[in-house]
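Reviewing the structure listed below.
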Amino acid sequence: MGRYILRRFAFSVAALWVIVTLTFLLMHSIPGDPFMGEKVTEAIRLNMLRKYGLDKPLWQQYLVYIGNLLRGDLGISLRMTNRTVNDLIREGFPVSCVLGLEALAFAVTTGLCLGTLAGLKHNSGWDYLAIVVAIIGISVPNFITASILQYVVGYRLRLLPIARWGTFEQSIIPAFSLGLGTLAITARMMRTSILDVINQDYIRTAKAKGLSEAEITWRHTLRNAILPIVTIMGPLIAGITTGSLLIEQIFGIPGLGKYYVQSVYNRDYTLILGTTVFYATILVVMNFLVDVSYGFIDPRIRLLKGRE
């Protein structure tokens, strides 16, 4: 198991390095530079390039960036005066994280409950409800859901605030819109997993032993059915807790997505790289933790890794 963890850690570091390198190369492959559209003289533009080290050869810029990255320095924003990328992330990420955690709590809790009921009560009303929710949640983009809820719930019915951030009421529609897709995926996978588990031999054996339905459900069905959900929780948690770029824009939420969108419009190389690296790190770390935890959750996986 120890060798497996070390190997997964090495793969995670390699994946992160590939993401950083590709993002760096793609950003610098775009024609022009961040200051080409500015109404400044050529001399001022060249001085700006020299100030931020953009006049150096690409390989030197890459080595400098990697060196700074290893020290935890994501650089200085090219567009926001005297603002470092680290400061912008510290300012915006807590808001995105709160929104994501609210959406995650709603999505996972509701999705697991709905998927479990749909699997245990196959071909019932709960089953059909789970199928409808899964179809809507997966097929309808979250920004469409957000716009509809804004108009119906916020504007027409005036039940909740349409936009802005600061109170729990203002976070309900954004969190629901952001979490609906995750809810649909969780419910669908849990339903499928439940239907697969209840037809296994060990479930029939448990019934033959005279165990109660509640004991079979809690000790055998749910414990084994939830394993496939664990495998996808890493990307889901990473994606949803970092917030949504479009959701934050639609509702005027001052999260990290606001800075990311601005950096793309302004061709702010360091901010684009910094936020991309930050998002990628969260995704890689969550995948690593899921890989490791999976071996502890399922003894069969732990035994297999030990043999390796």
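Springs between alpha-carbon atoms under 10 Å, Gaussian network over the chain: tell me which of K56, K121, K209 tops the mean-square fluctuations. Among K56, K121, K209, the largest GNM mean-square fluctuation belongs to K209.
Each of (i) 1.23; (ii) 1.12; (iii) 1.60 is a candidate for Cα Rg over 2.2 N^0.38 Å; the one calculated from this structure is (i). As a proxy for reagent exposure, S263, S29 were ordered by neighbouring Cβ count within 10 angstrom, fewest first; the result is S29, S263. For region 110-175, the list of chymotrypsin sites (Phe, Trp or Tyr not before Pro) that fall in a loop by DSSP and count at most 12 other C-beta atoms within 10 angstrom is empty.
As a proxy for reagent exposure, Y259, Y62 were ordered by neighbouring Cβ count within 10 angstrom, fewest first; the result is Y62, Y259. The length gained by stretching the chain between K51 and Y155 to full extension, at 0.36 nm per residue less their Cα-Cα distance, is 32.6 nm. The slack between A105 and W17, meaning 0.36 nm per residue of separation minus the straight C-alpha distance, is 28.6 nm.
A viscosity of 1.567 mPa s and a temperature of 4 °C, combined with the Kirkwood radius over C-alpha pairs in the Stokes-Einstein formula, give region 91-265 a diffusion coefficient of 74 µm²/s. Largest GNM mean-square fluctuation among P34, P57, P94, using the chain with Cα springs under 10 Å: P57. Only helices enter the 222 nm calculation for the chain: every DSSP H run of n ≥ 4 contributes -39,500 (n - 2.57), and dividing by all residues gives -24000 deg cm²/dmol, rounded to 500. Arranged from fewest to most other beta-carbon atoms within 10 Å of their beta carbon, M189, M27 become M27, M189. Within the listed set A15, A107, A214, the Gaussian network model of the chain (springs between alpha-carbon atoms below 10 Å) gives the highest mean-square fluctuation for A214.
The length gained on full extension between L70 and A10, counted as 0.36 nm times the residue separation minus their Cα-Cα distance, comes to 20.0 nm. Determine, from the Cβ-Cβ distance of R83 and E213 and an R0 of 51 Å, the FRET efficiency 1/(1 + (r/R0)^6), rounded to the nearest 0.05. Plugging the Cβ-Cβ distance into 1/(1 + (r/R0)^6) gives 0.30.
The numbers here are math on the coordinates, done by the rules we state, and not lab data. Note that the coordinates shown come from a computational prediction; the quantities given were computed from them, not determined experimentally. So basically every Cβ, Gly included, is an ideal-geometry build from the backbone, and we count neighbours across all protein chains shown.
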